[in-house]
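**Student:** Before anything else, here's the structure in question.
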Amino acid sequence: MHKTVIRLMPVLLVLLLVAGAVHAGSKNETSPRPVKLITLEAAGATLQRQFPARVEATTRSNLSFRTAGELLELNVSPGQRVEKGALIARIDDRNARSELDSVRSRLELARATRERMRYTLERGAISQAQFDESDAELRAAQATFEQAEEQLENTRLRAPYDGVIARVPVDNRQIVQVQETVAVIQQPGELDVVFHLPEQIVQQIPRQDETTPFETAMAFEVRFGNSEKPYLARLASYTTQTTAQSLAYEVTLRLAQPDDITLLDGMSATVRLDLGQLLPASENPVWHLPPNAISYLGENPEQAVVWRFQAPDRVEAVPVEVGRLTSDGLEVSGLLDAGDRIVAAGAPRLNADMRVTPWEKEQGL
């Protein structure tokens with residue numbers, strides 16, 4: 001009996017191993033493989049681009065003095081509304097006042113002299129030439145006086161039109177130089193938004209007869225600061241040569257001053273541009289996928305495919321053409337549609353007979 005059990009033990013071990021292998025195989029067949037999926041966006045969504053921009057007043061002026069001096073009065077601050085003629089700032093005017101008082105005295109003397117010469121001429125006591133000389137001296141004194149008045153007025157800086165103070169780059173009591181900007185004033189009504197369009201994008205825009213590439217875009221969306229509210233702007237101007245530093249074209253947009261937000265010269269903005277309106281339409285849209293989403297069928301090693309998820313637990317191979325590798329991923333075109341869910345990683349390890357399940361990131365990981 002004991003010998004019979006010993007003979008049967010190898011057979012029992014083989015049966016146990018076979019049963020374990022069958023159990024493991026059935027477990028692999030029934031357990032779906034987790035896969036990471038990405039959803040293809042609408043074709044136009046990939047053509048939405050954002051560009052940093054800055055706000056500039058359509059009409060703005062840098063206000064400065066025509067003479068140097070110590071700033072004694074500064075009456076404005078950024079954001080302040082002023083009327084035409086309002087006093088913006090004043091510099092030390094003591095020398096100008098002293099000069100004006102001096103020439104005023106000479107003017108009064110010249111007037112008195114001319115009046116006396118006129119009275120004397122009427123009585124024939126002097127010649128016409130002598131009177132004309134006094135008359136010329138009076139005109140010269142008048143011109144000098146007016147010049148002195150202008151010099152005194154030049155110590156005062158006034159608003160050239162109704163507007164809003166955008167910047168005040170100086171402080172009171174400092175010495176300001178000739179033509180040094182004391183305040184920047186902008187005229188309300190319209191604003192400019194300036195951004196740069198890279199030459200790589202411009203090169204792809206078709207030229208249409210007499211129009212330029214930029215004129216094919218009739219409207220641009222602009223957002224200011226951290227706000228997501230869009231404002232429509234129109235094309236105002238653009239440069240026809242790139243800047244050496246950025247290799248981009250400067251484009252200026254224009255829009256009416258919004259009523260619900262205060263915008264000043266130099267503020268930040270974002271221009272959102274739909275390149276789908278600029279670039280030629282394509283019958284085969286191009287998608288951008290991670291390199292690990294691409295695999296090749298065994299029957300045709302040269303045919304690239306991606307795996308499209310089919311609910312509830314299957315994938316199917318979709319033949320694709322692979323293009324350039326960009327910062328957004330590999331360019332891929334094929335029989336794909338917006339909304340398709342594509343396996344994003346591990347594509348070479350998949351086949352059509354596998355059962356899969358979408359992988360979801362667990363909380364806390």
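**Student:** Within a Cβ distance under 14 Å of Glu108, other residues only, what is the Lys/Arg minus Asp/Glu net charge?
**Tutor:** Here the count lands on +2.
**Student:** A further question on this structure: Collect residues whose amide H, placed 1.01 Å from N in the peptide plane, falls under 5 Å from the amide H of Tyr238; neighbours closer than 5 in sequence don't count.
**Tutor:** Under 5 Å from the amide H of Tyr238: Thr252.
**Student:** Hey, another quick one. If packing is taken as the average count of other Cβ atoms within 10 Å, what order do 346-357, 261-272, 182-193 fall into, highest mean first?
**Tutor:** Put in order of decreasing packing, that is 182-193, 261-272, 346-357.
**Student:** Hey, can you grab everything whose amide H is under 5 Å from the amide H of Lys36? Only 5+ residues off in sequence or another chain; H modelled, so Pro and N-termini drop out.
**Tutor:** When sequence neighbours closer than 5 places are left aside, the close amide H contacts are Ala344, Ala345, Trp359.
**Student:** Which ³J(HN,Hα) values in Hz, rounded to whole numbers, follow from the phi angles of region 140-146 under the Karplus curve 6.51 cos²θ - 1.76 cosθ + 1.60, where θ = phi - 60° and Gly and Pro get x?
**Tutor:** 5, 5, 5, 5, 5, 5, 5
FYI, it's all coordinate maths here, none of it is from the lab. What you see is a predicted model, and the numbers here were worked out from it, not measured in a lab. Cβ sites come from the backbone with ideal geometry, for glycine too, and all protein chains shown count toward neighbours.
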